[in-house]
Amino acid sequence: MIEEDTIKLLRECDAGIKMGVSSIEEVLPYVKDKNLKNMLTECKHRHEVLRRDLEQALDRFHDEGKEPNPMAKAMSWVKTNMRLSMEASDETIAGLMTDGCNMGVKSLNRYLNEYGAADEDSKDIAKRLATLEEKLTVEIRPFL
């Protein structure tokens, strides 16, 4: 059970990191404020660093990880592009990123509860990812 929960938690973290990086890459071309752009770029970098730790953990279990849910990714893309086509402002971007981060934190906490038998290393990765998401929402509040 420990190994099964560990792999499932790591897979969800993998999908979450990929979704987060993809979302940031999607909005970066529209960002006008240099500080906001730097915050998003730094957050993307921190996600990529965490992904390396995650990949090492997945390698221990000979697992390939998980891609984000195609429906969730498509819905995110549509929402982002619809909102940006109506108003491509830093306020809109901060709102979109806040919504995405909040959904990510909610999902990560649900997975931590669901896969409670996971090992401490995988739980640490999930908690570090949730912390990254929470930190970004605080940093970008001035742009809302």
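The values are calculated or read from the model by the stated rules, or taken from the named source; none is laboratory data. All values reported here derive from a predicted model rather than from experimental measurement. Every residue, glycine among them, receives a Cβ derived from its backbone with ideal geometry; neighbour counts consider all protein chains shown. Accessible surface is based on the protein model in full, side chains and every heavy atom, while ligands, DNA and RNA are left aside. Shrake-Rupley method; radii C 1.70, N 1.55, O 1.52, S 1.80 Å.
Report whether or not residue 138 is assigned to a helix (DSSP H, G or I) and in contact with an Asp or Glu (Cβ under 8 Å, 6 or more places away or on another chain).
Considered against the rule, which asks whether it is assigned to a helix (DSSP H, G or I) and in contact with an Asp or Glu (Cβ under 8 Å, 6 or more places away or on another chain), residue 138 comes out as no.
Can you tell me which residue in segment 85-98 is least open to solvent (accessible area, probe 1.4 Å), limited to those that are more than 18 Å from residue 43 (Cα to Cα) and of a type in the set (A, V, I, L, M)?
This residue is 88.
Looking for something closer than 25 Å to residue 4 by Cα, surrounded by 18 or more Cβ atoms within 10 Å (Cβ to Cβ) and touching a residue at least 40 places away in the same chain (Cβ under 8 Å) - is there at least one such residue anywhere in segment 99-106?
yes
Tell me which of these residue 65 doesn't satisfy, since it passes every other one: (1) part of a helix (DSSP H, G or I); (2) over 25 Å from residue 30 (Cβ atoms); (3) open to solvent by less than 50 Å² (accessible area, probe 1.4 Å).
Status for residue 65: all satisfied but (1).
Could you list, in sequence order, the residues of segment 113-131 that are in contact with a Leu (Cβ under 7 Å, 6 or more places away or on another chain) and in contact (Cβ under 8 Å) with a residue 40 or more places away in the chain?
115, 118, 122, 123, 125, 126, 128, 129 - these are the residues of segment 113-131 that are in contact with a Leu (Cβ under 7 Å, 6 or more places away or on another chain) and in contact (Cβ under 8 Å) with a residue 40 or more places away in the chain.
So if I check each of 54, 50, 9, 28, which one is within 18 Å of residue 98 (Cα to Cα), modelled with pLDDT of 95 or more and either open to solvent by 70 Å² or more (accessible area, probe 1.4 Å) or in a helix (DSSP H, G or I) (or both)?
Step by step, each of 54, 50, 9, 28 is checked, and only 28 is within 18 Å of residue 98 (Cα to Cα), modelled with pLDDT of 95 or more and either open to solvent by 70 Å² or more (accessible area, probe 1.4 Å) or in a helix (DSSP H, G or I) (or both).
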